[in-house]
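Participant: Before I ask anything, here is the structure I am working with.
The values are calculated or read from the model by the stated rules, or taken from the named source; none is laboratory data. In this text, all values refer to a predicted model and were calculated from it rather than measured experimentally. Keep in mind that these areas ignore ligands, DNA and RNA; they rest on the heavy atoms of the full protein, side chains included. Shrake-Rupley method; radii C 1.70, N 1.55, O 1.52, S 1.80 Å.
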Amino acid sequence: MATSSITHNFVFDAESTQRFADQLEAAERDAQKPIPQIARFVTDPKEILAFMSKQGSNG
């Protein structure tokens, strides 16, 4: 069978299993951290105009 030849070469030991579990726990902790806000939507026409006027003066 194809699956028996694929799974035949896997070796699990206590150390690698513990590392895998630790990485899963670390990923779960990281997923629960709030993502910092790095941008915001500008919808006010005056703010948009002020921003766009600054863009032209940078070049």
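Participant: With respect to residue 17, determine if the residue is outside any helix (DSSP H, G or I) and modelled with pLDDT of 90 or more.
Facilitator: Judged against the criteria, residue 17 is not a match.
Participant: Among the candidates 57, 5, which residue alone is open to solvent by less than 80 Å² (accessible area, probe 1.4 Å) and modelled with pLDDT under 85?
Facilitator: Of 57, 5, the one residue that is open to solvent by less than 80 Å² (accessible area, probe 1.4 Å) and modelled with pLDDT under 85 is 5.
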